[in-house]
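Step one of this worksheet: look at the structure below.
What follows is calculated from the coordinates using simple rules that are stated; it is not laboratory data. Model, not experiment: these values are computed from the prediction. All Cβ positions, even for glycine, are placed from backbone atoms using ideal geometry, and neighbour counts span all protein chains on display.
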Amino acid sequence: MGNCHRHRTNFRQLLAAILCLSLLPAMLTAQGAATPASQDANNPFFRASSLPFLAPEFDKVKDEHYQPALLRGMQEQIAEVRAITDNKDAPTFANTIEAMERSGALLTRVSKVFFNLTESTTNKSIQEIQAAVAPMLARHADAIRLDAKLFARIEAVYAQRESLDAEQRRVTERYRTDFVRGGAKLDAKSQERLRAINEELSTLTTKFQEMLLADTAASAVTVDDKAQLAGLDDASISAAAAAATAQGKDGKYLLTLQLPTSQGILSQLADRSTRERVFRASMDRCSRGGEHDTRAMCAKIAALRAERAKLFGFASHAAYVLDDQMAKTPEAVRSMLDSMAAAIVKKAEDEARQLREHFQVTAPGQKLEPWDWAFVQEQVRKAQYDLDEAEVRNYFELDRVLHDGLFHVAERLYGVTMHRRTDLPVYHNDVKVYEMKNKDGTSVGLFYADYYARQGKRGGAWMDSFVDQTSLLTQLPVVVNVMNIQKPGEGQPTLLSSDELTTLYHEFGHGVHGLFSTVRYPLLSGTSVPRDFVEYPSQFHEDFAFDPAVLARSAVHWKTKEPMPKELVDKIRRSRTFGQGFASLEYVAAALLDLAWHTLPAGEAVADPLAFEKAALEKSKVAHSLVPPRYRTPYFAHIWSGGYSAGYYAYMWSEALAADSFAKVMQDGGITEQSGMRYRNAILSRGFTTDPMLMFAEFQGRALDTKALLIRRGLQ
């Protein structure tokens, strides 16, 4: 929990979701001049894909195709909106709401590919296009949301909503909500300022993403002597050597950074000076001055969001965002976090005391530092549970875990099978495509697996989609899971840590949320649910990774081919709450930091973001010298460019739902198709067609009980 995840809304939802990113017909006409017919013929986005499932034609897509397709896509959607507003017939659901749901096909098609690749396979050309089109897209969204004639038609349909069926009523209500929250009811002066804020935010968040990617790559730690990598297994050393060679550093080793503050590799590195170098490189990202320093940009983004919230009559950006989430208010979020903070801090301090005692024995006279925590914790884990993470990794070989573990769980729970498709083009050679099928042979959709780290891919892990499910447009879903597993050297296996194994299942939980969608309207499809509900299915799937029956199939030693011994399985399961004080505190600190930034009132400027961060953590009583927040302000991608502003709390909020539901499945007999199909039908298939808590109560048979969460985290 707390990994970097992303589920992206479809382009129609950008009308609302742009408030996390931030879209004038007249200007578009000038910017989007028609392209020559010869270019039309060569641009694969100018027509629907000819591939099964409308899968992107990656073998035909070139960087120069994106901008013309984006510009024409905006032009076409504006024309479609004008046709709706100029319709002389009285507003109806069909000629207004449904017509809007059918609009923007070209823009959606190119946006789905382009914005996926800006994060997974970017380059200088893509970054330049993104910087150029981001403000145009912001103006485009505003041109639609702030169209008075269009909103009047939506209001007219909304007034007739009781005559509609349940899903029609729901999508109508969401359109009205999205337009109101997008500024449709603001006066002209406020709308003008809103346009300017949205455009500036779109530029800033795009630039933040670019700067973070660049500085994370630049902060990779180069090691000259193999002895300084003591503790790493052969596969990890081979991967570090290959990464260095790829950067023209033959004979050296490159330790690349992942997004969170605490780097996973710290638990293995025996050389203390190397641990410190890696830790400081991670902590200091984007705050060392120079062209990649994001501190002033973060403060500016927060200030603009606060000003925008004030236009809507809200005290803060958090108050504005949470008004349309399950939590409803910043006070409710803070109450939830504060209610657990004291117990979490106490558990973290108990762990720190234990680690200090162990460190004094193994390193007499030395003071435990933050870069020592993960390594010493692993030593204590070995001593307490006789469990060696390096030994465990040998049993988690990626392909076996994927096919005999993850896909097997999907078959047992949901009655589906995964079939490799080698006939479909991919955007990188590392990507694999699978078709998901039901028991009766009918297709569910496509699943793209992109698991290896590489140059040009942002850190973390996330789910996204290339095609959203919608029966209105007769589309089946095409989703993608992205991770950053270090690619091993030639001839070496891909071995997963326990955290990477958990993340694999987590992101697949997002994936099936998109794949099992069976809704009619795109606006309500798949993962298009509130942020504090979207992490529920993903976290629900995490615990299946460590089910004994699953490990019996998927945990096989890559060398000896022997299954993981029952004794080791038992040790893993017993140790799963070990270290939860650290994990919980680094997460809660980040969630409270997010809340601090986004409860700032309009007009309150922050001159020193790191001083603000320190004060916020101390005020919330979660500042700890050995446990920094999972993400610090300058590289907190979730809240600045990732759509989770005032929403990072959602992981724990959703985790309470997930823990309760997993406990129920275990009580009902474990991994069975009966439980799985109930979950698929009650939660995964319904998108945002009804209130999320009603879905949860339908599956659970009662209201939420948080006891399972406390047990899951070892707090009770």
Summed side-chain charge close to S125 - residues other than S125 whose Cβ falls under 13 Å, Lys, Arg +1, Asp, Glu -1: -2
In the stretch 11-212, lysine pairs with alpha-carbon atoms under 23 angstrom apart (chain gap of 8 or more, or interchain): 11
Residues whose placed amide H lies under 5 Å from that of R421, excluding near-sequence neighbours: V433, Y434, E435
Mind grabbing the base-10 log of I(q)/I(0) for the stretch 219-283 at q = 0.12, 0.21, 0.24 Å⁻¹? Debye formula, identical points on the C-alpha positions, no solvent, two decimal places. -0.25, -0.79, -1.04
Based solely on C-alpha atoms, express the radius of gyration and the Dmax of the stretch 577-716 in angstrom. 18.3, 56
For the stretch 255-325, alpha-carbon Rg and Dmax in angstrom: 18.3, 54
Based on the Cβ-Cβ distance of E698 and D225, what FRET efficiency does E = 1/(1 + (r/R0)^6) give at R0 = 60 Å, to the nearest 0.05? 0.50
Derived scalar couplings ³J(HN,Hα) [the stretch 596-603; Karplus, 6.51 cos²θ - 1.76 cosθ + 1.60; whole Hz; x for Gly, Pro]: 4, 4, 9, 9, 5, x, 4, x
Between the stretch 270-286 and the stretch 200-262, the alpha-carbon center distance in angstrom: 12
Cross-link table K300/K614; K346/K367; K367/K619; K347/K382; K382/K566; K226/K487, entries beyond 22 Å C-alpha to C-alpha: K367/K619
For the stretch 439-597, just run the numbers: alpha carbon Rg, then divide by 2.2 N^0.38 Å, N being how many residues it has. 1.22
Rounded to whole Å, sorted largest first: equivalent-ellipsoid semi-axes of the stretch 630-703, Cα gyration tensor: 30, 15, 11
Please compute, for the alpha-carbon atoms of the stretch 325-376, the extent along each of the three principal axes and give them in descending order in Å. 51, 18, 12
Taking the Cα centre of each part, how many Å lie between the stretch 130-176 and the stretch 321-394? 45
By the scheme Lys and Arg +1, Asp and Glu -1, what is the net charge of all other residues having a beta-carbon under 9 Å from that of F582? -1
Is the shape of the stretch 11-212 best called rounded, prolate or oblate, per the rule: a/c under 1.5 gives rounded, else a/b larger than b/c gives prolate, else oblate, with a ≥ b ≥ c the square roots of the Cα gyration tensor eigenvalues? prolate
What full-extension length gain, to one decimal in nm, is calculated for D440 and Q160 as 0.36 nm per residue of separation minus the Cα-Cα distance? 96.8 nm
Which cross-chain or sequence-distant (5 or more) residues have an amide H under 5 Å from the amide H of G445, H modelled 1.01 Å from N in plane? M436
Here the net charge surrounding P530, from other residues whose Cβ is less than 12 Å away from its Cβ (Lys, Arg +1; Asp, Glu -1), is -2
Using 0.36 nm times the number of residues separating S273 and A343, minus their current alpha carbon distance, what extension gain do you get? 21.9 nm
Everything considered on the Cα gyration tensor (a ≥ b ≥ c; rounded for a/c under 1.5, else prolate if a/b is larger than b/c, else oblate), the stretch 176-218 must be described as oblate
Any idea what diffusion coefficient the chain gets from Stokes-Einstein, in µm²/s, Kirkwood Rh on alpha carbon pairs, 10 °C, 1.306 mPa s? 60
Show me, for the stretch 233-239, the HN-Hα J-couplings you get by feeding each phi into the Karplus relation (A = 6.51, B = -1.76, C = 1.60, θ = phi - 60°), rounded to Hz, glycine and proline as x. 7, 4, 5, 5, 5, 4, 5
Quickly estimate the mean residue ellipticity at 222 nm for the chain, helices only: each DSSP H run with n ≥ 4 gives -39500 (n - 2.57), and the total goes over all residues, rounded to 500. -16500 deg cm²/dmol
So if we plug the beta-carbon distance of T672 and E567 into 1/(1 + (r/R0)^6) with R0 = 22 Å, what FRET efficiency do we get, rounded to 0.05? 0.25
Could you please state, rounded to a whole Å, how far the C-alpha centre of the stretch 693-708 is from the C-alpha centre of the stretch 40-93? 41
